[in-house]
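Take a look at the structure set out below.
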Amino acid sequence: MLTISFIKENYYMFVYAVTLFISLATYRKYYDTALKYFPIIIAYTFFNEVLGFLVRNFDEISFFSNIKYSNYNDVIYNIYAIIFFCFFYYVYYKLIENKNFKKWIIISTIISLLSYSISTLYQNPLETNLFYALAISAWLLVSIIILYFVDKVQQKEDLFQLHNLMFWVSFSLVLFYSIFPIIYVIGYTDYDTWIAYDLKSVLRILIVVMYSLFIIGFLKGRKLAFR
């Protein structure tokens, strides 16, 4: 049955759904901040995963007329990754005060987009995930978040702002995207290791942890603490 199979293989998607619900329920806390479009990104993530599951598992749902490519869904993940990273690059550009750090964010955005463009010369984005570009973009995001925390120190603010939604978002993104690219690249380049260490399960656990931290941030966040 579709429902049983879906739950068993994609239990982490329910964390997306719960996070989306809580993000909307607490939206008044951050509706006028740099994260005002965050619920849209979460919704996009959830529906993108659902669509990816359907394309991967049902031949009648496909982006290609050629039966050979009927279960290829990488194109939607490539598009998603670009939008996701650019969104957060923009968020931190809005929040960081240091002008030199802002310049690095602009440079990082350019590098990220170039990495995707260059990857298309060696990989078909319709057939495979542009995993090297994703890894570069992820680590650029981590570097930007580190600069965000450095910026906080320069402004003589506490690093651990438990009522600041951005603290939880930043902490969870660093935790996930410091590790995720390594696992992802292994999955595409060393399948034996991927299987031997059950890295698919590790990745799903990391997703659950990241979105659980998002939920904590939505619940603990206070409007006046956002910065």
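Data table
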read-out	value
The stretch 134-165: number of residues that are touching a residue at least 24 places away in the same chain (Cβ under 8 Å) and within 18 Å of Ser108 (Cβ to Cβ)	17
Identity of the residue in the stretch 211-220, closer than 19 Å to Ala43 by Cβ and of a type outside the set (Phe, Trp, Tyr), that ends up farthest from the chain's Cα centre (by Cα)	Leu219
Among the candidates Thr19, Thr26, residue that is within 17 Å of Val208 (Cβ to Cβ) and modelled with pLDDT of 95 or more	Thr19
Out of Phe88, Phe64, sole residue that is surrounded by fewer than 17 Cβ atoms within 10 Å (Cβ to Cβ) and either modelled with pLDDT under 95 or within 28 Å of Leu213 (Cβ to Cβ) (or both)	Phe64
Number of positions in the stretch 199-219 that are without any contact (Cβ under 8 Å) to a residue 60 or more places away in the chain and open to solvent by less than 80 Å² (accessible area, probe 1.4 Å)	10
Qualifying residue in the stretch 140-151 (condition: modelled with pLDDT of 95 or more and among the polar types (S, T, N, Q))	yes
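The values are calculated or read from the model by the stated rules, or taken from the named source; none is laboratory data. From a predicted model like this one, the values you see are computed outputs, not experimental measurements. All Cβ positions, even for glycine, are placed from backbone atoms using ideal geometry, and neighbour counts span all protein chains on display. Just the protein is used for accessible areas: all its heavy atoms, side chains included, with ligands, DNA and RNA removed. Shrake-Rupley method; radii C 1.70, N 1.55, O 1.52, S 1.80 Å.
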